[in-house]
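Enquirer: One structure is given below, represented as structure tokens, and several questions about it will come after.
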Amino acid sequence: MKDNKNINNKLKEIPSGHKLKTRRDFLSHGLLSMSASTVMPSVFSMLYSRLSFAQECGMTANEMSQAQGLPVIVFDLAGGANIPGSNVMVGGPGGQSDFLQTYETLGLPQDMHPSNPGQLNEDLGLKFHADSSMLRGIMSNINAQMSAKVDGGVFATSSSDDTGNNPHNPMYWLANAGANGKLSALAGTNGNESGGRSMAPPESINPTLQPVKIETPQEALGLVNVGRLDELFNRDKAEKVLKTIQRLSEAKLQALSNQSLSDQIKDLVKCGYIQSEELYKENTPELIDPRNDNMVTSVFNLNDGDERKVGTMAKLLLDGQIGAATVSKGGYDYHNNTRSRGEVADFEAGSLIGKVMRLADMKSKNILIYVITDGGVAARNNSIDNSNNGRGKLAWSGDSGQRSSTFMLMYNGAGNTRPELRSGKRQIGWFKESGGVENSALLTSNSVTNMVKAVVANYLALKGEENKLSQVVGNNPFGSNLENYLIFNKL
């Protein structure tokens, strides 16, 4: 009783309407000791509060599932991969088909110019070069029926070369925009603030939403997250959870935090801290483990490192367990004066993207795929790689952030048609005839942060909520010109 009285007194000191967002907030108000905050298991912030929210709002499990947002997987290609020209087609102010005079610095010899017969592919809606290795990887895993459910866009934006300091990662703002799951909002293969190689825009970061690190099925079973405190902890809910925490000794907290997610839930149900077994029944190891999902194992080789990472993330995303995930993949600093190494790496990335689409199709689920890289790469105009993997293309000779881009593909797995475009436009920004980004074209052309905001705006547009951009990212830098940055209509 004394502990509860102290909690109530401390809660009364918090200004009305103020939300406790981080563990630092709890510490500053004297609501947790430093040691307790260190071992406080995330199951409280992630599941107990969610259950309270659902019960208080009268939401059923099905309604909670329907309220979850469109899942997003971000492929973070570390090292400065080629995206524009040799993979996704880019052009001048008129868009993808406003071809440049030459694409040699973007890796294509003149006989592979996209204006030549057979050198352009539109199977995915978004135009690719016909011999794009990423495209070949994608198409090796999907059929014509699946490819007819895809469309996308490319963002012509310059970025810094071969560094993790590019603020490319949209994860936190995507969570604000509704990318949430039953167990966690965000996940990543890297155990850092963004979950990937590239950083998140500093102003987007919310420490209560830091991505949980997942690389393997075993880590999926232990899924934990530092919480969604910014959404869930107002005064009343904070009081309930803090009282629950106070009932546990620090030894019990430590023991609980060391358990797998399913065992944490089971233990809390057994001890009466959670009054329903619903969450445990929904999140048993058998249901979460990708190794037990025949659809996953038929698509992904879970004995392969990259396929294991992507297959695990894809399952969690498509089953609604997490909202957005970043998969970091190395080996994209391939400017070694050959073409073959880059072609192989690009095919591998494309193959993983195609496998995500294939799994989404099997599960009849939608998913947004976003591909980023740190910087870009340039080719020499006098060095053709005629090796088997070089495919007669120009060799990559060095970093070039002016030849960078990102792209997104929306897979409409729950429908039978391509996602609808707003105006037929699939290119945001454009390239100069010299083969570099025109930095003055749009507000996104020379600002990675603005580009990330445009990506989030397109995520919102897929839900018909683009008018919420300021609310989600803090401001709308595009103002009345937002339409110039939008590709999609509402799904």
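The values are calculated or read from the model by the stated rules, or taken from the named source; none is laboratory data. Everything quoted here is computed from the prediction, not taken from an experiment. Quick reminder, even Gly has a Cβ in these numbers, built from the backbone with ideal geometry, and neighbours come from all protein chains shown. Heads up: the accessible areas ignore ligands, DNA and RNA and are worked out on the full protein's heavy atoms, side chains in. Shrake-Rupley method; radii C 1.70, N 1.55, O 1.52, S 1.80 Å.
Enquirer: Can you list the residues, at least 5 places off or on another chain, whose amide H is less than 5 Å from the amide H of LYS182, using H built in the peptide plane?
Expert: When sequence neighbours closer than 5 places are left aside, the close amide H contacts are GLN321, ILE322.
Enquirer: Let me ask something else. Mind ranking 136-149, 403-416 by how tightly packed they are, going by the mean number of other C-beta atoms within 10 angstrom, highest first?
Expert: Packing proxy ranking, top to bottom: 403-416, 136-149.
Enquirer: Based on alpha-carbon atoms only, what is the radius of gyration of the stretch 62-156 relative to the globular estimate 2.2 N^0.38 Å?
Expert: Values: Rg = 15.9 Å, N = 95, 2.2 N^0.38 = 12.4 Å.
Scaled against compact globular proteins, the figure is 1.28.
Enquirer: Peptides 98-107, 116-125, 151-160, 189-198: what's the order by average Cβ count within 10 Å, highest mean first? Could you put the intermediate results ahead of the total?
Expert: On the way: 98-107: 20.4, 116-125: 15.3, 151-160: 25.6, 189-198: 22.4.
In decreasing order of mean packing, 98-107, 116-125, 151-160, 189-198 become 151-160, 189-198, 98-107, 116-125.
Enquirer: Around PHE488, which amide H atoms from residues at least 5 apart in sequence, or from another chain, sit under 5 Å from its own amide H, with H modelled in the peptide plane?
Expert: ARG422
Enquirer: Place a +1 charge on the Cβ of each Lys and Arg in the stretch 305-398 and a -1 charge on the Cβ of each Asp and Glu, then give the dipole magnitude about the Cα centre in debye, rounded to the nearest 20.
Expert: Approximately 160 debye in magnitude.
Enquirer: Moving to a separate point now. Sorted by accessible area (1.4 Å probe), largest first, how do LYS315, LYS182 line up?
Expert: Numbers: LYS315 10, LYS182 45 Å².
If we order LYS315, LYS182 from most to least accessible, we get LYS182, LYS315.
Enquirer: Where in the stretch 284-323 does the amide nitrogen come within less than 17 Å of the point 7 Å from the Cα of THR216, taken along Cα to Cβ?
Expert: Output list for this probe position: 289-292, 301-313.
Enquirer: The stretch 388-491: which GluC sites (Glu not before Pro) are DSSP loop and have at most 11 other beta-carbon atoms within 10 angstrom?
Expert: GLU433
Enquirer: Which residue, SER351, VAL437, SER423, has the largest displacement toward the positive end of the dipole of the stretch 346-437 when charges sit on each Cβ (Lys, Arg +1; Asp, Glu -1)?
Expert: SER423
Enquirer: Here's another thing I want to ask about it. I'd like the distance separating the alpha-carbon centroids of the stretch 115-165 and the stretch 169-203, in whole Å.
Expert: A separation of 24 Å, based on Cα centres.
Enquirer: Considering Cα pairs under 8 angstrom that are at least six residues apart, work out the relative contact order of the stretch 350-490 and quote it in whole percent.
Expert: Answer for the stretch 350-490 is 20 percent.
Enquirer: Of the peptides 392-402, 317-327, 364-374, 293-303, how do they stack up when ordered by the mean number of other Cβ atoms within 10 Å, highest first? Can you show the working numbers first?
Expert: Details: 392-402: 20.8, 317-327: 26.3, 364-374: 23.6, 293-303: 16.4.
Put in order of decreasing packing, that is 317-327, 364-374, 392-402, 293-303.
Enquirer: In addition: If amide hydrogens are placed 1.01 Å from N in the peptide plane, which non-local residues have theirs closer than 5 Å to the one on ASN366?
Expert: Correct list: GLY413, ALA414.
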